[in-house]
Every structure is written in C-alpha cells, then in structure tokens.
1. Label 7 Å along Cα→Cβ of residue 143; segment 164-183 residues with amide nitrogen under 13 Å?
2. State to the nearest 20 debye the size of the charge dipole of segment 63-118 about its Cα centre, where the only charges are +1 on K and R beta carbons and -1 on D and E beta carbons.
3. Per residue, how much accessible area does segment 119-170 have with a 1.4 Å probe, in Å²?
4. Go ahead and collect, in residue order, the members of segment 119-138 whose backbone nitrogen is under 15 Å from a label point 7 Å along the Cα-Cβ direction of residue 184.
5. What does the extension gain come out to for residue 71 and residue 192, with contour length at 0.36 nm per residue minus their alpha carbon separation?
6. Find, among the trypsin sites (Lys or Arg not before Pro) in segment 129-195, those assigned to loop by DSSP (not H, G, I, E, B) with at most 16 other beta-carbon atoms within 10 angstrom.
7. How much net charge surrounds residue 190 when only the other residues with a Cβ under 13 Å from the Cβ of residue 190 are counted, with Lys and Arg +1 and Asp and Glu -1?
Amino acid sequence: MCVRYCTPGSEPYLMWFQVPISHCESKMAAPLARIPSCAELLRVLVSQRASSRLLHATAACPKAQAGKYKISKDGNKPLTYEMANPPHFIGVRKSWNSWHTSNLWEQPGAADRTFEDMFVRKFLQGTFHNCLADEIIIKRRHNTVYVALLLLRKLDPQKYYFLLGYTETLLSHFLKCVVKLEVSVVPRKVVYKYI
C-alpha cells in the first residue's frame, strides 16, 4: 500500500506499508497526511472503521420484567384479574384472550386470525372509548365470532344500545361473518387485588 507522507516545509514522498486490505476503506489507498510511523498508520486505518466492528452492549438491568406491575408504596394500586396474572400463568390460572382453532398444530390462517383479533380490539377501544373495564375476549365458533366485553356505566343505555348494534353490524360486514357481542355493564372496574 502506498501512502503519501508529508512533513512541513518539505516535498511529499511516498512510503510503502504492508497493510491488509481488510483494514482499509477500499482497495485503493487514500493519501494520508502527517503520519509519523507505520504503527501510527495502522492505528489510524484500524480506528477509521473500528466503531462499526465493535460489539456494543449495555449493562444488565435485572429489575425490568415484562408483565409484572410495580408494587406501590401504600399498597393501593388496583389490578384486574388479567393484570394480576403474569404471562407465564397463561393456560394455568389465566385463559387466552383469543379462542380459535387456528392456534392448533399446523393449522393454516393463524396470522390472519391474529390480525383480525387486533383489528376487532382496536375498533372496540375506539368505539367504546374509556368505557372498557377489562380485556376483550374473542371466541370463534364455526362462522360466528363472539366478543365478550365488560363495560363501565358511563353512558346512557340508549347510547350503549346504539353502539352495540353499530359495532355488530360493522364488524360483521368487515369480517364477513356473524359477530355477536356479549356485554356486561359494571359500575366501576372490577378489582382482583391491590398491590
């Protein structure tokens, strides 16, 4: 590899170094100025791409856990049944929020059902804004989708009846199957325990 070496007040001249191509930016060597020694040249060439070759890792954070709520100082934080059971209790103490046979071994359409369930949940959260008391449970049987809701008593009954009919009609049209809502209205969120 040929490097142009310059010193102040003198003519530039060429120096030859044996440097592996992997340390260079490309196969052609770029002229470098004011490099006093071969060791310095190697340090410069390696440091130019060192940031892209190193493995960056952060310190371990053992306090961060998924699905676990932080305990309050006074012990007055309310948790619903869905919130109180961590994810490793799904199928043991807590049931799934979506029931359909696409979750079985080698059944087609699991991704489609998951996408439809996500759409139904987003649609219901927008329709019944700040009125949902707990998680939405979606059960599929044959060509019928049953959606179980627990709603807070925040609106007039006439508005709830309108929204229920509106939701069943639109979801039936979107999903191209019969959608039935199973609704229970409660005065406030059902608290399973306090932490």
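The values are calculated or read from the model by the stated rules, or taken from the named source; none is laboratory data. Quick caveat, the model's predicted, so the values are computed rather than measured. Every residue, glycine among them, receives a Cβ derived from its backbone with ideal geometry; neighbour counts consider all protein chains shown. Quick note on the areas: whole protein, heavy atoms, side chains included, nothing else; ligands and nucleic acids left out. Shrake-Rupley method; radii C 1.70, N 1.55, O 1.52, S 1.80 Å.
1. Correct set: 176-179.
2. Using Cβ point charges on Lys, Arg, Asp and Glu, segment 63-118 gives about 560 debye.
3. 59 Å²
4. Counting backbone N atoms under 15 Å from the label point, the list is 132-138.
5. Gain on extension, residue 71 to residue 192, equals 42.1 nm.
6. 153, 154, 176, 188, 189
7. Residues close to residue 190 contribute a combined charge of +1.
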